[in-house]
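The values are calculated or read from the model by the stated rules, or taken from the named source; none is laboratory data. Bear in mind that the values here come from a model prediction, so they are computed numbers and not experimental data. Backbone-built Cβ (ideal geometry, glycine too); neighbour counts: all protein chains shown. Side chains included, ligands, DNA and RNA excluded: accessible areas come from the protein's heavy atoms. Shrake-Rupley method; radii C 1.70, N 1.55, O 1.52, S 1.80 Å.
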Amino acid sequence: MAAALLLTGCSDAGGDQLQVVENPERAAAASSPATTEKPTGRVVPADGDVTAVAAADGTLAAALTGQDAVQLYDLGRLGAEPRTVSLPGEVTSLRAIDGDIVATMPDAGAFARIDAAVAEADVVELDGAPTGVAAHGDRTLVALRDAKAVQVLDADDRPLRTIRGELYSADDVLVGDGDALVLDRLRTAAFSVDVTDATIGEGLRAGQGAAQATTDEYGRVLVTDARNGALLAFDTEPLLLRQRHPVDGGAYGIAYDSRRHLAWVTLTERNEVVGYDVRGGQPEEKFRLPTVRQPDSVTVDERTSQVVIGSAAGEGIQVITP
């Protein structure tokens, strides 16, 4: 299947076997209808449209459209007022890394590590627009979207090198089992990254519209295909597509619960979230739950397995205990 995906490129795209169309655009979440079922769990109001969520050690971080800040919620006290962490720019992605919440601010040319315990941020400025951050040993990898590159920072966040290759856009970087992968959403492809040799390696098609990505406990990178409706699982060394599971209903957001081996995928066309057990040869559906409208973002608190979904249509933040 991996070979087939590599060889089925669009012949109209200048002979590029990985490019889907001649003038590519990043895949977006499908529009949601009005909700017809009450969302499972509890819904907490949010002051705007939620663009990203991440959870670490009982704290939820949420980014909202038009705000140069992140809101921190106590998942054990959902009725309490959130704390606000001011930042130098609008946040486009959030990820939990080693107990911190990492926020990217491409328009500000920076990312921040947020210590949720004290609600303080350590801002790292870069020469580029960061859209994804991952830990690689004692180094940090940063996807620089417009530079079409992955920058490597040392333990003190000083630039060591910038890795470039045949990328159209470096939209996210992930590390599975010690090996790095960069997601190119314009090309809707995944590429291996050799951090030691500072090279972008082989690439594979990531469906027809690669959207969101995360990693699982088996060292795989899980990617949603928003245009073709699928959940993809890649090995990183060597780069190989291990699974492609059809997911109808507008697959978009994704999160992983390592305690219960569940990949949670949001379906924006249906206002649902589905939990798949990914331990076997193919994902097995275990949960299907109604959500808030436009469930573009999802995260899991590893300590409690609570699933948190952000509404990009102003309907708040949904917290589910499956």
request  = Hey, can you tell me all the residues within the stretch 75-90 that are more than 12 Å from Ile114 (Cα to Cα) and either touching a Pro at 6+ places or on another chain (Cβ under 8 Å) or aliphatic (A, V, I, L, M) (or both)?
outcome  = Leu75, Leu78, Ala80, Gly89
ask   = Name the residues in the stretch 94-124 that are surrounded by 22 or more Cβ atoms within 10 Å (Cβ to Cβ) and either in contact with a Phe, Trp or Tyr (Cβ under 9 Å, 6 or more places away or on another chain) or among the acidic types (Asp, Glu) (or both), would you?
value = Val102, Ala103, Thr104, Met105
request  = Report yes if Gly76 is within 26 Å of Val43 (Cβ to Cβ) and not in a strand (DSSP E or B), otherwise no.
outcome  = yes
task = Please find, among Ser192, Ser169, the residue that is free of Cβ contacts under 8 Å to residues at least 60 places away in the same chain, out of contact with any helix residue (DSSP H, G or I) (no Cβ under 6 Å at 6 or more places or on another chain) and of a type in the set (S, T, N, Q).
result = Ser192
task = Identify all residues within the stretch 79-97 that are assigned to a loop (DSSP other than H, G, I, E, B) and either within 19 Å of Val150 (Cβ to Cβ) or of a type in the set (Ser, Thr, Tyr) (or both); write none if there are none.
result = Thr92
ask   = What number of residues within the stretch 125-178 are assigned to a strand (DSSP E or B), of a type outside the set (S, T, N, Q) and either open to solvent by less than 50 Å² (accessible area, probe 1.4 Å) or at positive phi (or both)?
value = 20
key: Any pair with Cβ under 9 angstrom, 6 or more apart, that starts in the stretch 44-55 at a residue that is under 11 Å from Tyr73 (Cβ atoms) and ends at one that is of a type outside the set (A, V, I, L, M, F, W, C) and surrounded by fewer than 20 Cβ atoms within 10 Å (Cβ to Cβ)   = Val44/Gly79; Ala46/Gly314; Ala55/Glu302; Ala55/Arg303; Ala55/Thr304
key: Residues (closer than 19 Å to Ala29 by Cα and of a type outside the set (A, V, I, L, M)) located in the stretch 257-282   = Trp264, Thr266, Thr268, Glu269, Arg270, Asn271, Glu272, Gly275
key: Residue ID - least open to solvent (accessible area, probe 1.4 Å), chosen from residues in the stretch 53-79 that are more than 28 Å from Ser258 (Cα to Cα) and small (Gly, Ala, Ser)   = Ala69
remark   = Asp277: passes all of (1) closer than 24 Å to Ser32 by Cα; (2) in contact with a Leu (Cβ under 8 Å, 6 or more places away or on another chain) but (1)
Search result, residues across the stretch 98-111 that are assigned to a strand (DSSP E or B) and either in contact with a Ser or Thr (Cβ under 8 Å, 6 or more places away or on another chain) or farther than 17 Å from Val53 by Cα (or both) = Ile101, Ala103, Thr104, Met105, Ala110, Phe111
message = Any residue at all in the stretch 181-193 that's crowded, with 20+ Cβ neighbours inside 10 Å, basic (Lys, Arg) and not in a strand (DSSP E or B)?
response = yes
Complete set of residues in the stretch 222-240 that are of a type in the set (A, V, I, L, M, F, W, C) and either touching an Asp or Glu at 6+ places or on another chain (Cβ under 8 Å) or open to solvent by 10 Å² or more (accessible area, probe 1.4 Å) (or both) = Leu222, Ala226, Leu231, Leu232, Ala233, Leu239, Leu240
query = Could we say that Thr196 is out of contact with any Ser or Thr (no Cβ under 8 Å at 6 or more places or on another chain) and surrounded by 23 or more Cβ atoms within 10 Å (Cβ to Cβ) here?
reply = no
